Amino acid sequence: VSQSRYLIKTATTICDDVIVLVGVTPSDPFSFDQRYHWIKECVGEYEDWGTKVRPQKELNENAPKDEFGTITDEGYWTKWIADTKKHIHKAGFDGIDYVFTSDLYGERIAQELDATWVPVDPMRVNIDISGTRIRNDLRKYFDYLPHYVKETLNKKIAFVGPESTGKTTAVQKLSQRFNCGAVYEYGRTLALARNNQLTQEDFDLILNVQNTFIHNATDSYLT
């Protein structure tokens with residue numbers, strides 16, 4: 001998505017209208033609907049620039065490719081170009097002038113669509129990341145993702161149990177092991193401060209402060 005934002009921002013500075021085609025293979029760990037939603041969030045920043053998002057189903061994820069990722073099956077290209085032209089027409093255009101991609105096979109796409117290819121950081125010099133690397137090691141490249149993508153992928157785990165059963169120790173070890181945020185039990189902090197003499201109002205306070213800690217920790221981790 002970070003590379004997509006870069007592509008979209010570049011395209012909107014050059015073109016009056018931009019069409020973003022979102023595709024995904026069936027084996028992708030992130031669903032088509034999820035990826036489409038992320039790109040819609042991304043494009044929200046550029047909606048006033050005439051940017052439109054079109055979903056495009058993968059025609060054949062097993063199509064043969066060369067070393068640059070360009071599909072070598074001519075039958076596939078015939079189907080893909082026909083499908084792409086259909087999406088361009090549905091977006092309200094008879095054709096396009098430019099093709100913006102960060103992949104070298106963008107040249108073939110531009111040729112097929114009778115457009116000018118605009119390669120945008122294909123060697124990953126400005127943004128050293130790719131969707132493949134993120135999918136292969138999400139934790140390592142988590143910081144490359146925008147806030148709204150992190151928020152979707154971020155999971156919260158609650159440890160519940162009686163006193164002195166090792167919850168705090170477990171949270172500490174797991175947060176260190178997986179390099180993730182941790183929020184500790186505020187009830188214990190307040191109980192020590194109150195000498196274990198807690199009132200109903202104190203339990204309300206514990207609830208509010210604990211929720212605040214969780215919210216702050218989540219925001220900090222996602223930023």
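Quick notes
- The set of residues in the range 46-89 that are open to solvent by less than 100 Å² (accessible area, probe 1.4 Å), more than 22 Å from S31 (Cα to Cα), at pLDDT below 80 and out of contact with any Ser or Thr (no Cβ under 7 Å at 6 or more places or on another chain) comprises G50, T70.
- Of the listed requirements (1) in contact with a Cys (Cβ under 8 Å, 6 or more places away or on another chain); (2) free of Cβ contacts under 8 Å to residues at least 40 places away in the same chain; (3) under 30 Å from C15 (Cβ atoms), L174 misses just one: (3).
- Looking across the range 194-218 at every residue that is among the hydroxyl-bearing types (S, T, Y) and assigned to a helix (DSSP H, G or I), the one that is surrounded by the fewest Cβ atoms within 10 Å (Cβ to Cβ) is identified as T212.
- If the condition is being of a type in the set (A, V, I, L, M), under 14 Å from E163 (Cβ atoms) and open to solvent by 50 Å² or more (accessible area, probe 1.4 Å), then the range 177-193 contributes only L192.
Conditions (1) of a type in the set (D, E); (2) surrounded by fewer than 11 Cβ atoms within 10 Å (Cβ to Cβ); (3) closer than 22 Å to A182 by Cβ, marked per residue:
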| residue | (1), (2), (3) |
| --- | --- |
| I129 | no, no, no |
| I134 | no, no, no |
| Y141 | no, no, yes |
| L145 | no, no, yes |
| K150 | no, no, yes |
| K155 | no, yes, yes |
| P162 | no, yes, yes |
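- Screening V125 on (1) in contact with a helix residue (DSSP H, G or I) (Cβ under 9 Å, 6 or more places away or on another chain); (2) among the β-branched types (V, I, T); (3) open to solvent by 30 Å² or more (accessible area, probe 1.4 Å); (4) at pLDDT below 85 shows it passes everything except condition (1).
- Residue under evaluation V171, criteria (1) surrounded by 14 or more Cβ atoms within 10 Å (Cβ to Cβ); (2) of a type in the set (A, V, I, L, M, F, W, C); (3) under 30 Å from C42 (Cα atoms), criterion not met: (3)
- Residue ID - least open to solvent (accessible area, probe 1.4 Å), chosen from residues in the range 90-114 that are farther than 25 Å from R124 by Cα and of a type in the set (G, A, S): A91
The values are calculated or read from the model by the stated rules, or taken from the named source; none is laboratory data. Source: prediction; values computed, not measured. We place every Cβ from the backbone using ideal geometry, glycine too, and count neighbours over all the protein chains shown. For the accessible areas, the whole protein counts, side chains as well, though only heavy atoms, and no ligand, DNA or RNA atoms are used. Shrake-Rupley method; radii C 1.70, N 1.55, O 1.52, S 1.80 Å.
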